[in-house]
Structures are given as structure tokens and as C-alpha cells.
Amino acid sequence: MADDFAPPNVFGPSTETLPKIDSLLSTRDAALQDDARYDTPVIPSSLLGDAASNVNLSGTPDSDDDDVYVDADQEDPTRQGTPLPSVDGGHEASNISFKSPPTDVDGNTGLPPKSASKVPDLDLSHSIKGLYRILDLIIEQGSGGGLVDKIIISQDSLQAFVNDMQPGAFASLTKVDFKLLDKVLVGPVGIYGDKKAIVDFLNRLGAVEKEIAAHLLKTEDERERSTPSLRSGLYVLRVPPSQGNESQIYVIYWPEDTTWNDGTASSVRRNRVTFMRYLSKICDQSIALLSADYAQSIVWKESEDDDTDTDSDDEGDERMGVFVVCKTNEQEESVKVRPGFTARVPMVASPERRHDTAPDVAIPMQPTLIRGETTQGFMTAGYKAAVKKVDEYNNRTINKTALESYIKDRETRLSFNPALDQPTIEILMQTGLRSRCEQLCRSFNTEVSDAQRNLDSEFTRRKADTQAELRQNLPQMTMSFRNVMADRVMEKFPSLDAKRLLGEEMQTQGISLDSLAEFYPKIKGVVRRARDEQPLKAVPAGALQSPKERILVITHLFDAHGENLSEETQSKLVNMIDEIKNIRAAWMEMSKSLHGEGDSQGYLNRLRSGLKSLLSTEDNSTGERAYKEAMDIARATSDADFMSRVEDTASRWPVLEKAINAAMAVVYDHFTKNLKRLSDNYAREVLHIQDEGVAEQFKREQSDRTEQSQRDLCSDLARKLNEYFSEVSFKKVFHVDAIRKTGYYSYHSPTLSLRGRIETTQDDKIVYRAHLMQITNEDRQEMRLNNSFIPSPRFNLAYTFSLPTGREIIYSQLLENEQFLLVTRDRGRDVFVYRESLAALEGAVANKQPKLRLSHDKIGGDILVSFNEGKQMLAICEPEKLQLHFFVFEEGARALKASGSAISLALYYNGVTIQYISFICGDEELLLVDSSVCGRIFSLVTMQFRPATLQFATVPSAVYTSPDGSCFLASCSQDSSFSVTAYHWNTFGSNEGIQLAIDDLGPEDDFVLTSISSRNAVHLMKLDINSQTCLSFALDITRKSTELMFREKGGKPSFSTDKDSRTSHNCLIDCHSEVWTRFPVVPAVQRQAITRASSRRPKSLTFVSDFGREQFSPHFSELIQTFERTTRKPTGTELSSIAINSMTFNDFYNILDDLCISQTSNFRAGEWLVELLCLIPIHLAITKDNRFIPLKDGVFSPELERSLLGAEVGRIVDSLSFGWYESIFQSYMASKPVKVVSSMGEQSVGKSFALNHLADTSFAGSAMRTTEGVWMSVTPTEDTLIVALDFEGVHSIERSAQEDTLLVLFNTAISNLVLFRNNFALSRDIAGLFQSFQSSSTVLDPAANPMLFQSTLVIIIKDVVDADAKEIKKE
């Protein structure tokens, strides 16, 4: 296919293909377009879903049930046909067989299997070496109903081209590494011209062979459907490295068949101008190739004076025309037959080709035309066996309203996962489950409350019991800590008596703290702190120091002199040194000075005297020295050593026992008090830890028990619910596994995430496809200008709906705006009337929502139906009961109401039955044809029959009313003859009618009477199943009246310009002037995607032709002068600096290599590609059905539209797709600030023109009459990215007020600069639009979104003279 496959090697074998490249537009610009020329059309895979692999070569999908599909078979007879993107109704693919040709239940068509023949590649771009399509021309449906052209990026082919230049640079359209591309250079040379010259150019380069060249030169009329072709577009041809510079590329504009005809259709002309704009912007050097036929037909300027006069006259003629009212010839009533159109419809099949094994009741009809006054189409049908559809929801986002509709649907059985959880049940109850099974939900809530209450009570009691038990163990805990700390004391002071330390009452066993710490880890830290308490490591110095020193001093003196001391002397010595503190203080004071003073000196003197008297062997100095030695020993002895020696000291010196006991009492008192205090504190701390641990443990246990209880209750509820719903049989099952609130969930935006599935059991049914006939906007315009013009219709678009087997269609009619009127009858003979858009018809039938239901008991058996679209009136006749019922659609067709009571016809008919009824179009009169071959007209105004009657020769086989209200046709079969006769309403019953001279109609033919474009363009359409064609006969119907019309004074009935009538192919040169006229020459803001790093050469245009070489340069110079004089546009030196050259083909091919190498600009490839991408506007969004609908990469996506139904504003904005601009925004120019400029105003005031000339954009470059929706383009400058948004004009007849408001709201919310362009004055409608905008702006909440609504509004009023400027400003 065109863009689905890229050449494996640009100069390799063209028959090979690469694997398919993922592309966002592969269906539209590749698969669909290329399949358009298969002998047996292929349905695009995007429309078949999972059934894409089951497409057979007959054009019938083996498994397909999409609401709408595109038949890619039809082509535009004026140019290469490109198909219409699909309008998908969104229904699942399934096993279905169609009678076009139908298949049996096994999918067999009677044709060779798909694998038996290879599908031909009909895109010639794959057969041309080194050729890549970069811009493609596709067709989409415009809002006005016609087909319009759109130029888009050909993604897959562009990807192949980029990756061939720099492998890995193009991952996808939104991920292009432009910086990597900048490492290579490209030297583009633009090539345009007629097809013959371009083919010769390709042949000279060795890119095409003779067979391919022959295919390229075939016109649309010369090609057969299976003949390969090359679509119009912009292509890149890479030069083989062996033939020139590796950077050299040719950018080729391949034209349509009539592109270079001066009198071509306006849509072709617009496409020509747009493509030439792109070509001239991305190539500094261009070459025009003119073959002999085209060059010789050029009309050159004869003289400057003549040209000036002519231009002056032409300018006046173009701006003013004089018309007169002409009276046409009075004519009698007549109906003349002319040949009409013929369109291929391969989706229909002849009866003998059927291989359908469906039951007889499932075959209601063969392909047949559908009635329609102004809309045309035909219907095919196929049998679809019963299937079971499963739609999986894997954490899919779902709106709360949608979920509620599923749950509350009484015809849907609910099914639940046995492991249903509490959050899911809560959401289910909030979204309608309570209304479906109130008793079960109430019981569940009661059980949950009771279970929670019981658990709370149980754990409260258990917690209290445990805490009481812990408090009972507090003494043991205290004892354990005292033992631990006592052990620590004994480790430090092992001579102490443990029993005396702890006391006799504390010798019982405590609790193991180590074991307890295993359950409460925090206790380890408490025990560690208890063991390291400072009070347990030493006795305070102030308490033990004095007794210790006294005992040690005395002991030292005793040890030195004890043998010579009596007990009395020992006692006196002990008493003398009793006040050891005073002695130490005196010595301290004496040490500070040589001579003591006061009491200290006296005290020491007394000490010396005492020691001398008691220690007779010592003199004063010796006694004092002995005392000092004893003091030094006392200071060097630690408390532990002292305590270890006291027992020995007491045994040696009994006189010291009292002093020793007093000192040890201090020690034991210190430790016992601290052991008691600390053990109590630590025991309470551990109790607190235990309380916390118990509380936490019970909390976890209660939580686990609660969760388990809830799981049990939820599981029990799920079981009960499943049992409850299993008692009734449902065709639809909604199974829920889990539902969660998403991160976007709020009260105003209840978005949920659903995991589950919807299982739908569909009965066998008949699937109908309504194939709509479409004509291009160009054909519509031609038909308005020329009543005799015959359009070239296509049947690209189709909608699908289905009916259960056994239900028959008794009437159907296509209405305007793709509305469809359907009257059906079920097995019980009840009648259902539906009127919906074709896209919504399937849903209305499936949901049993008819506009009217008529019971068989009241309506009777067989009925006749007719509908008057102009009066919105439906007539139903009971032929046997002879009763007429009239119904009228209310405004908007929301309801169908009876218009009065039933009208009895029994007074007018006796012994006959009614055979046919038919409204007179646009009038409240009804034609009735009875079994006595008599026709009468009943008036709903007078409630009487007209006096005149019409007697037919035989009972008509069908009656058709002319859409213009002039006549009706009656077809009659008598013996072996068949005739169609026209009867005018004005002369009803007064003549025998006018027999139409149509030889190609027979009694077995299916035909309808309709009108195309206007009600006066009446066609009798016929569907020929055998030849698979739909053809028509144009009927020129005249009434007995005089008609007036405007005709240009002195003019001819021609709608081409004088220039076009004098020239044939001058547009090969003049196309440049057309580009300058529509687009800017020197814009206000110039794009700067190309930096100084690229090497640019002066712009040049080279004409290559063997004829008129000397004329090209002066002709082009005169073209520039005329343009500058007539348009007064700013041009600077942009045009005058273009170098114009001309040469023969021989000279051109001889110097081609040197010409391209030496005179061609060389660009960095990344910059050049950005320049190209920024030139192409992308279609961002449209408004439809009062909704703002984003597009996907510039193309309408039914899947995206469906996914946004009911979505919030934020989600819709997030769905905007910028296509080929995303890579530029995200990486290449991500550091540049963005400024947004946009347009606003009424339709057709030049908004796109103003934006183009401000920001050098290319809006309105397609064949659309006006801009539709929102388009975006980007203009890179040196320091800013200017994003230009082109908005559809307000107050369009195709748009509602709400759709206008949506566009204006989006525009002003995000723009920095808004250009409001209007004609002459601000009307009340515009003022109302501003008021509506102000009230609607609250939707986006400017206060909550401070970045929005920061735009500057510039009001531009067109065509204001200086005298009115002041008043306009005031207004």
C-alpha cells in the first residue's frame, strides 16, 4: 500500500516490501487509498478491529459489524480518487455474511481463498526507485455534506525517507530526532510541470522503466480499476550516490490530470496553489518542465501597452458585473430524459452469486435503493448468527454516569467476583445497586454494622483484661529490674553483701527481661539504660570520702605504730582524727601560704601536739609526715578497694569497727535507695511499652479480623447477588471484579477505574448497511451553476444497523443531515417507527427506543406508508380497513405525535383496497391508488378528495413522487411491456401523462426518484445488481409557468474567466502569481527555521522547454509587475531577486549534475524538515452535535470521539493531538517560548488570509470553502515559536450557537493575541457572541486557571473609509 510499506532500498527491486510501519494515519492515507483500485475492494483493517485478518477478496468482511465502513472502490473521475475516512459507529466485529457477495455461516464465498492470489500493489510510488511521498492529498467529508480535499503528511513514507538519510532519526511522527538529522545536509531542487515532462525526467534519471512510465501517463479515464497509479502530492526523489552529490534530492510536485488546465475545477486550482506554495518555500531553486504540447499552448504577452490596458479593464471587469432579468420561454408541461451518472458499486451482488446458508427467515431483501427526496443511497443486508461478545475492562476509566446506567439497566444481569471487596461494594451501592436489590443491600449494611460492633466490644474487653494482668505483674517486673541493677552493682563492688543490698523481702524470682524483650523489642533499650545508670557505678564522693580517709589514715598510723600503742591510745588517736574534714581543710589552707593564720594554724598545732604525745617515738615533724603519708594512701585507694579491705581492717583493729560500720552504712543506704527508685521507674516504663504493644497488637488483630469479616460478608453478598440475578435470564451480563476511584475523582468529576467485563449475547439478526451517495463540493457548485451538469457520485460512506430475524422493514427513507426514517414490523405484527441519525440508529433499535409503536390490534395487518419530508408528516394507511392515520414530528424530531384521529375512507371506496399512497412533496396532499386502478388525491387541509381522478391502464407496480413537487411517476407492467409514465400534479386527471423514453428499465429493476444538490435536479436512479452499478436518468421537468433568471449583460453562459477562455496552460507560469496572491510574499513575521548554518544560494526558477525559450523571462517579469501593481502587496526584493532561466531539454540534461551541485542551496536536514512540517497546517478539532471533538493527527477518529463522550473539559484538552508538531514542541525547539496568535470573527471575512500574512502560515490551503473547526500552524522565529490558530467563523449555518461558543471559548482561553476580523461594523450578533463568551468562560474557571484568558484582542474592521473610522471606533 502507499504508505504502509517503504522501499527496502531506494534503488532496489520495487517488487519487494518491508514490514508494515506503524502510522497514525495508515488507514486513511495508505490502506484505504491504495485499496481503492482493487478489482475487489478491501475493507480497511481499522474498521474491522480484530477481524481484519478475515477479509476475503470479494470485498465482504468475514467478520465485521462496524456501524459504518468506507467502500474504497469508488474514484473521483476528475482526479486520483482518495477515499473518505470512516465514520465508525463503534460496534464490535463479529461473524457476519453480506450479500455483496454474502457468505455462508462458515465464511465461504465460493471464491478462491485469499491465499490463492496476491493482492496487487497499485501505488506506483513503490515502483519508482528512490521516490518517497511526503505530502498526500486525501478526501474527507465536510460539514456541509460534500467531499473536500485535505493535504496531510504522508507519515510512513516520510519516515522511510528520513531513516534512509539518517538511520534511527524517525521513530514515529511525534518522535523525530531533528538534531541527529542536522548532521547531514540536503540540497533540494523543486520540480514541477506536466506529467509527460516529469516522466521523461524520471526516465532520464533511471528511476522508472518503460512499463511504469506508461502507467504514469495514463489519465483517470484511461485507467482501469486494477491499473496502478500515482496519487497527486509532493514527493522526494533521492539521487543515487553514483549519479551525483549524496545530499542532492528532488522535490517533485506530481499533478492531477487537470492541474495545468487553466479552466480546471476550483478545487484542483486551490490544490495546485497550495502545493506550489509548499514547493517554493522549501526549495530555493525550482525547475519547470514543459513538454512540447504544453509549451506551444502558452499565450505570451504581446506588448506592454496592450497588457496594461487589458489589466486595467480586467481589474474593473472582475469587480463589477451588470446583470439583467431575463424571461425564459414559456413551456408546456414536459419531462425529458437525459443520460445521468453511472457509478460502480461492487458491494452489491447478484442473486446467482449467493452462497448464504442462513435460514429463509433471515433473508429479508436483496440490495435495494433507499427512498430519499434529497439524499440518495442503497441498502445491503446480511445474516449474522447469534454471537457472544465480551468487552473486557482492564482497569479502564469509566464515568460514574456510565457505570450507573449499566447497573440500573433492568435488562442487564449483574455478576460479581466472589472476592468482591468493600470499596467496590460501596461504589456499586452509590451507583444504583441499592435500587436493583434493596433488601440484600440493606441486610449487608446491617451485618457489616453488627460485625463491627461485636468486634469493637470483644477487643475492648480483651484489651482491658490484658492491661489488668500486666499491672498485676508490676511487682515482679520491679523485682526483675532491681535484680538486674543489683547484679550490676555487685559486678562493680563484689565485696558488698547482696542480701543486705536487696533486702530479705526481695530475694524471690522475678520476670525474665530477656524473654520479655523478644516480644517487646523496645524493652532491650530500657534494660540497657538500666544497667548503665550512673548511681550504680559509684558512691557519691561527699558521702564516703571523709569516712574512708579517716579509716585509712588511722589504719596507716596503726600499721606503723600499732604494736607500741595501747587500746586507750588507739581510742584517743581515733577520736583525735575524727574530724578528718577539718584536718584536710587546714592542710589545704596551710598549703596556700608558708604561714597559716588563725584557727588553721592552731588546729594543726594541736594535731601535732596530740600526735607527739600519743606517738612518743615521733617528733613533731615525723608525726606530721606520717599523717601526710597516710592521707596520700587514702586518696589513692578506690572505693572498691576500700570496701574490699574493711573487713580485714576491722579484724586487725577492732577499735575501728564502729567507724567502718558507719562508712558501710552510707554505701548500702546509697545503693538500696537508688535500686528501689530506678527499678520502680523502669518497671513503669516497661509497663507503658507493654500497654502500647498490646494496644498495637490488638489493633492489628482487630483490623485483620475486621477485614476478614468484611471479606466474608462481601463474599457472602456476592454469592447472594449472583444467586439473585441468576434466577432470570438476561442477554447482557455486567461482571464486576473491582472498581476504584481514580486520581481524577471528585464530586464534580466522578471518574472511576473498572476491572470487569460486559458479556452480551446477541441473537441472530439481519445486519443492514445503508451506503450513502456523495458528491464533491465542486460538483455541487457546478450543478448550481449549470442545471444540465451530471455529477460523478461515490458510495464511500456506509452506516450499519441491525434488526432481529423475523422483523421486516416495511418502509425506509433517507432524510437530510444523514437522518434515517425506518418503519419495521415484528413477529407479532406490531409496527415500530424510528427516526435517528444513521450513526445513532443502531443504538435506538438495540435499546428499543422507537419514536412510535403501533399495536397490531389497532393498526391491523398490512399497511402502506408515505413520508413528506417538507411537512415532517407520516401517513399510514390500512388498506383493508380503509383508514388513514397521520403523524407529525415535533420540532427537532424528538417525538412523533398523532395529527387528529383516524380518517375513514369507507365512504369513498366500496369493494376495493388501497394499493399505493404517496405524498405530494412539499404539500399536505396524498395520492391514493386503489385496486380499481384509479388514482385520487386527498387533501389534509380540506379533509376531502380532489374532484379529479386518474384512471390507469393497469395497477401500477410502483409510484414515485418528484422531489420538486411537479409530478409523479407510475411504472406499469402489462403483458410483456413495461413503461414509466409521468403525471403532473397541476393537470392531474386531465391527460394521459407523458411516457418516458427509457429503454433500460424493466419490471424487475429497482429504482427510485430523487433529486441531487437541488430539488429541481431530478434523477431516476436504478440499481443494477448484475453489473454492480448504480446509474441514473436525468429528468428535465417543466411546468406550465414562466420563469425568470439573472443573466450577465452581454455575457455568454460560461462561468470561466476571459483569461481561461483564451489560454490553455498558462498556469504553468502564472501559478506563481496565484501563490503570491493567496499567500504572503513578505509576511509581517518571517519564519526562521533555517539558520545561518545552512548554505543558501539565490533563488532561481528555470523553465525547461524546447519552445518559447526567449519568452519566459519577459513573461515572468511582466507577471511580477502586474501582480505588484494590481495587489499592492509588500514584496520588497523578494520577487525581483528571483533569477529566471530557460533552456532546452538537451541543455538541461547535459548540465543537470553541475547545475544542481553548484547552484543549489544546502540545508541541514533537521532544519529543512522543520521548515517543511511547520508549513503544513494541522486540523486540531471540530465542533459537532454541540460538542468539541479533537482530531487525531489531523484526521477525524471515531474511536477518539467515542472515548470522549461525557468526558470533562480537562480530559478533552488532554486529548488534543498536535501530530507532526509534537516533536518540535518537545525536543528540537522546546527551549523557545511560545506565543499564540489566533483569529476570530464571522465566516468568510478573511481571517485565514490575515493570519497567513501576519505569521507566514498556509491556512485555507485545502479545497474547503471556509475553515472548519480549529487548525494550527507554527512559525519558528529566532527567539520564539509563534503558534497560529485558525478558527472557523462564527454564525455559520452549519454550526449551532453552542458550537460557536465552544470555539470562541477555546480561542480566547489560550491565545496571547486574538485578531477579531469583521466586515465594516460590529453587529448585534457579534455583541451577543461576546456576552455568551463571558458567561461561558466560567466553564474553565479563570480564577483557578490564571494562565488562561491572558490574550490581547485586536479588532480589525474591513473596508472602512476614513470618514467612518471615528464612528466605527465608537461602536
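The values are calculated or read from the model by the stated rules, or taken from the named source; none is laboratory data. Just so you know, these numbers come straight off a predicted model, no measurement behind them. In this analysis, Cβ positions are derived from the backbone assuming ideal geometry, glycine residues included, and neighbour counts consider all displayed protein chains. Protein only, heavy atoms only, side chains kept; ligands, DNA and RNA dropped before computing areas. Shrake-Rupley method; radii C 1.70, N 1.55, O 1.52, S 1.80 Å.
Can you tell me which condition residue 558 does not meet? The list is (1) at pLDDT below 70; (2) buried (at least 19 other Cβ atoms within 10 Å of the Cβ), and all the others hold.
Unmet for residue 558, out of (1) at pLDDT below 70; (2) buried (at least 19 other Cβ atoms within 10 Å of the Cβ): (1).
Quick check on region 213-242: of everything there that is at pLDDT below 85 and touching a Phe, Trp or Tyr at 6+ places or on another chain (Cβ under 8 Å), which residue is surrounded by the most Cβ atoms within 10 Å (Cβ to Cβ)?
For region 213-242, the residue satisfying everything is 239.
Among what's in region 1088-1141 and is hydrophobic (A, V, I, L, M, F, W, C) and part of a loop (DSSP other than H, G, I, E, B), pick the residue that is modelled with the lowest pLDDT.
Taking the candidates together, the pick is 1093.
Within the set of pairs 6+ apart or on separate chains, which have a first residue in region 196-209 that is among the β-branched types (Val, Ile, Thr), a second that is assigned to a helix (DSSP H, G or I) and open to solvent by 40 Å² or more (accessible area, probe 1.4 Å), and C-beta atoms under 8 Å apart?
Hits for this filter: 199/217.
Yes/no per residue for (1) open to solvent by less than 40 Å² (accessible area, probe 1.4 Å); (2) of a type outside the set (Phe, Trp, Tyr); (3) over 40 Å from the mean Cα position of the chain (by Cα); (4) modelled with pLDDT under 90:
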| site | (1), (2), (3), (4) |
| --- | --- |
| 795 | yes, no, no, yes |
| 798 | yes, yes, no, yes |
| 823 | yes, yes, no, no |
| 828 | no, yes, yes, yes |
| 847 | no, yes, no, yes |
| 861 | yes, yes, yes, yes |
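Just one of 389, 463, 408 is in contact (Cβ under 8 Å) with a residue 24 or more places away in the chain and open to solvent by less than 70 Å² (accessible area, probe 1.4 Å); which is it?
Among 389, 463, 408, only 389 is in contact (Cβ under 8 Å) with a residue 24 or more places away in the chain and open to solvent by less than 70 Å² (accessible area, probe 1.4 Å).
Here are 1153, 1147: which of them is surrounded by fewer than 19 Cβ atoms within 10 Å (Cβ to Cβ), charged (D, E, K, R) and without any contact (Cβ under 8 Å) to a residue 60 or more places away in the chain?
None of the others qualify; the one that does is 1147.
Residues to consider are 843, 870; find the one that is of a type in the set (Gly, Ala, Ser), outside any strand (DSSP E or B) and within 22 Å of residue 765 (Cα to Cα).
That would be 843, the only listed residue that is of a type in the set (Gly, Ala, Ser), outside any strand (DSSP E or B) and within 22 Å of residue 765 (Cα to Cα).
State the number of residues belonging to region 520-545 that are part of a helix (DSSP H, G or I) and either surrounded by fewer than 17 Cβ atoms within 10 Å (Cβ to Cβ) or of a type in the set (A, V, I, L, M) (or both).
Residues flagged as part of a helix (DSSP H, G or I) and either surrounded by fewer than 17 Cβ atoms within 10 Å (Cβ to Cβ) or of a type in the set (A, V, I, L, M) (or both) within region 520-545 amount to 17.
Return yes or no: is residue 491 closer than 30 Å to residue 416 by Cβ, without any contact (Cβ under 8 Å) to a residue 40 or more places away in the chain and either open to solvent by less than 50 Å² (accessible area, probe 1.4 Å) or part of a helix (DSSP H, G or I) (or both)?
So residue 491 does not fit the description; no.
Being assigned to a strand (DSSP E or B) and either in contact (Cβ under 8 Å) with a residue 24 or more places away in the chain or among the basic types (Lys, Arg) (or both) is the filter; apply it to region 976-990 and report the residue that is most open to solvent (accessible area, probe 1.4 Å).
Of everything passing the filter in region 976-990, 978 is most open to solvent (accessible area, probe 1.4 Å).
Filter region 861-895 for residues that are in contact with a helix residue (DSSP H, G or I) (Cβ under 9 Å, 6 or more places away or on another chain) and among the hydrophobic types (A, V, I, L, M, F, W, C) and give the result.
876
Please work out if residue 1178 is open to solvent by 10 Å² or more (accessible area, probe 1.4 Å), modelled with pLDDT under 90 and over 27 Å from residue 205 (Cα atoms).
No; evaluated as a whole, the condition is false for this residue.
Looking only at region 431-442, filter to residues that are without any contact (Cβ under 8 Å) to a residue 24 or more places away in the chain and loosely packed, with under 15 Cβ neighbours inside 10 Å; which one of those is farthest from residue 725 (Cα to Cα)?
Restricting to residues being without any contact (Cβ under 8 Å) to a residue 24 or more places away in the chain and loosely packed, with under 15 Cβ neighbours inside 10 Å, the top hit is 442.
For region 925-982, name all the residues that are at positive phi and either in contact with a Ser or Thr (Cβ under 8 Å, 6 or more places away or on another chain) or hydroxyl-bearing (Ser, Thr, Tyr) (or both).
Of everything in region 925-982, just one residue is at positive phi and either in contact with a Ser or Thr (Cβ under 8 Å, 6 or more places away or on another chain) or hydroxyl-bearing (Ser, Thr, Tyr) (or both), namely 933.
Those residues that are open to solvent by less than 10 Å² (accessible area, probe 1.4 Å) and within 36 Å of the chain's Cα centre (by Cα), I need them from region 268-284; list them, please.
268, 271, 272, 273, 274, 275, 276, 277, 278, 279, 282, 283, listed by residue number.
Checking the conditions here, which among 246, 222 is charged (D, E, K, R), more than 24 Å from residue 1091 (Cβ to Cβ) and without any contact (Cβ under 8 Å) to a residue 12 or more places away in the chain?
222
Please give the number of the condition residue 1076 fails out of (1) assigned to a helix (DSSP H, G or I); (2) over 44 Å from the mean Cα position of the chain (by Cα).
Among (1) assigned to a helix (DSSP H, G or I); (2) over 44 Å from the mean Cα position of the chain (by Cα), the lone unmet condition for residue 1076 is (2).
Go through the residues of region 901-923 one by one and say whether even a single one is within 43 Å of the chain's Cα centre (by Cα) and open to solvent by 10 Å² or more (accessible area, probe 1.4 Å).
Checking region 901-923: not a single residue is within 43 Å of the chain's Cα centre (by Cα) and open to solvent by 10 Å² or more (accessible area, probe 1.4 Å).
Could you check region 690-793 for strands (runs of 3 or more DSSP E) lying wholly inside it with 3 or more residues that are open to solvent by 30 Å² or more (accessible area, probe 1.4 Å)?
The qualifying strands (runs of 3 or more DSSP E) are 732-741, 751-762.
Kindly provide the set of residues from region 162-180 that are in a helix (DSSP H, G or I) and under 14 Å from residue 1172 (Cα atoms), ordered by number.
162, 178
Go through (1) over 18 Å from residue 733 (Cβ atoms); (2) open to solvent by 20 Å² or more (accessible area, probe 1.4 Å); (3) over 30 Å from the mean Cα position of the chain (by Cα); (4) not small (Gly, Ala, Ser) one by one and return the number of the condition residue 418 breaks.
The failed condition is (1).
Anything in region 1156-1173 that is open to solvent by 10 Å² or more (accessible area, probe 1.4 Å) and of a type in the set (Gly, Ala, Ser)? List them, or say none.
Across region 1156-1173, the qualifying residue is only 1158.
Which one is most open to solvent (accessible area, probe 1.4 Å), of the residues in region 998-1041 that are in contact with a helix residue (DSSP H, G or I) (Cβ under 8 Å, 6 or more places away or on another chain) and aliphatic (A, V, I, L, M)?
So the residue we want is 1025.
Residue 218: basic (Lys, Arg) and touching a Ser or Thr at 6+ places or on another chain (Cβ under 6 Å), yes or no?
No: the conditions fail for residue 218.
Wholly within region 375-484, which helices (runs of 4 or more DSSP H) include no fewer than the required count, namely at least 3 residues that are within 30 Å of residue 819 (Cα to Cα)?
Once the helices (runs of 4 or more DSSP H) in region 375-484 are filtered for at least 3 residues that are within 30 Å of residue 819 (Cα to Cα), what remains is 400-408.
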